[in-house]
1. Evaluate the following for I25: is it surrounded by 14 or more Cβ atoms within 10 Å (Cβ to Cβ) and touching a residue at least 24 places away in the same chain (Cβ under 8 Å)?
2. Any idea how many residues of the range 28-74 are surrounded by 12 or more Cβ atoms within 10 Å (Cβ to Cβ), free of Cβ contacts under 8 Å to residues at least 12 places away in the same chain and closer than 18 Å to V181 by Cα?
3. Within the range 3-55, which residues are more than 28 Å from T131 (Cβ to Cβ) and of a type in the set (S, T, N, Q)?
4. Quick one: in the range 171-188, of everything that is surrounded by fewer than 20 Cβ atoms within 10 Å (Cβ to Cβ) and closer than 21 Å to Y81 by Cα, which residue is modelled with the highest pLDDT?
5. Looking at the range 189-208, which of the residues that are surrounded by 16 or more Cβ atoms within 10 Å (Cβ to Cβ) and among the charged types (D, E, K, R) is modelled with the highest pLDDT?
Amino acid sequence: MMLISILQVILIIILPVFLLYKRIIPYKYKLHVLFSIFLLVLFFVLIEGLTLKDLGIRFDNITQQIFPYIAFTILVSFGIYYLSKHILKRKHYISYWSEKKFHILVFIPLCFIQEFIFRGYLIPKLFDIFTSSIIVVFVNALLFMSIHIIYSVKRIDLLFVFLEGFLLAMIYIFYPNLLFVTIAHSIHNFIAIFFKFFTEDRKIIKLS
């Protein structure tokens, strides 16, 4: 079971990111790759016979978990705002949403796909490999950060993604609800992009 889970992690995340990062797969196909990963995960879900509850798509725990997620979303949102405005001194980028209208249409579905892959499917796989919850959270955050390398090489952006992935994985383990964690992820992303996180065109950045 452990070996199978390790191979799945390599196949689902590490290999696609490596191929994109090395330009073996052209950058313009990044969303195609993400969707392909999603389809691959769906394939494994069907093969393994996983239920919606196994994947964190639940409606039976909404009452118990809505308030922790509301508190989490508000606190992290405030943290992103304070970090961006008062520490990093980043300017607002409200025009981004008018310039990139297509992004608004796909924003929440993309967040759901990411949460489905990284929290709903990968966290149980990581528990097949590691016994420690903190190691699972840490590795999950690293994998989550790794796929964002294809969007930006800014260290502060990647550090932000790691911290966001760490927090999302942590709350998901304590309160497994994929719908709530997707909403939190979406709200945090909106605020981050408002402050110019991940707004550069990755393809024009020359890698060292």
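The values are calculated or read from the model by the stated rules, or taken from the named source; none is laboratory data. Everything quoted here is computed from the prediction, not taken from an experiment. When we count neighbours, we look across all protein chains shown, and the Cβ atoms used for this are built from the backbone with ideal geometry, even at glycine.
1. Numbers: surrounded by 14 or more Cβ atoms within 10 Å (Cβ to Cβ): yes; touching a residue at least 24 places away in the same chain (Cβ under 8 Å): no.
The answer is no for I25.
2. Within the range 28-74, residues that are surrounded by 12 or more Cβ atoms within 10 Å (Cβ to Cβ), free of Cβ contacts under 8 Å to residues at least 12 places away in the same chain and closer than 18 Å to V181 by Cα number 4.
3. Passing the criteria: only S36.
4. Here the answer is I183.
5. My answer is K196.
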